[in-house]
1. Report the chymotrypsin sites (Phe, Trp or Tyr not before Pro) located in region 6-84 that are in a DSSP loop and have at most 12 other Cβ atoms inside 10 Å of their Cβ, or state none.
2. Among 32, 7, 37, which comes first, second and so on when ranked by fewest other beta-carbon atoms within 10 Å?
3. If the cut-off is a Cα-Cα distance under 23 Å, which lysines reach residue 15, setting aside same-chain residues fewer than 8 apart in sequence?
4. Arranged by the count of other C-beta atoms within 10 angstrom, fewest first, what order do 6, 55, 17 take?
5. Which distance in Å, rounded to a whole number, links the C-alpha centroids of region 9-35 and region 44-58?
6. Kindly state, to the nearest 0.05, the FRET efficiency for residue 37 paired with residue 58, given R0 = 35 Å and r defined as their beta-carbon distance.
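Quick note: the coordinates plus some simple rules give every number you see, no bench work behind them. Note that the coordinates shown come from a computational prediction; the quantities given were computed from them, not determined experimentally. Backbone-built Cβ (ideal geometry, glycine too); neighbour counts: all protein chains shown.
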Amino acid sequence: MNTTLSINLSEQLAKASQTAAQKMGMSRTEFIRQAIIHELAQFEAHLEEEEMAKSMLVMKHTKHYLNESDEIMDGFGDDLPKED
């Protein structure tokens, strides 16, 4: 099911979107639809990145995580087993 929207664009934006749509071989409506899909995906990715950054900040101050991190980092200094 589709919903019809009505939007107001500046003359410059209307012309630019029409030109871009023609170059891409699609209608301006499809061009705008794809632009919205793209922007929503970018927005979701941005929110996810923010959540990841917040989680990392919490981890940075969590004793259990810091201990595990230290153990892993200490393991990098160990010699690798010799192969036959």
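1. Passing both the DSSP loop test and the Cβ count: 76.
2. 7, 37, 32
3. Within the straight-line cut-off, residue 15 pairs with 23.
4. Exposure proxy ranking, most exposed first: 6, 55, 17.
5. 33
6. Result of the calculation: an efficiency of 0.65.
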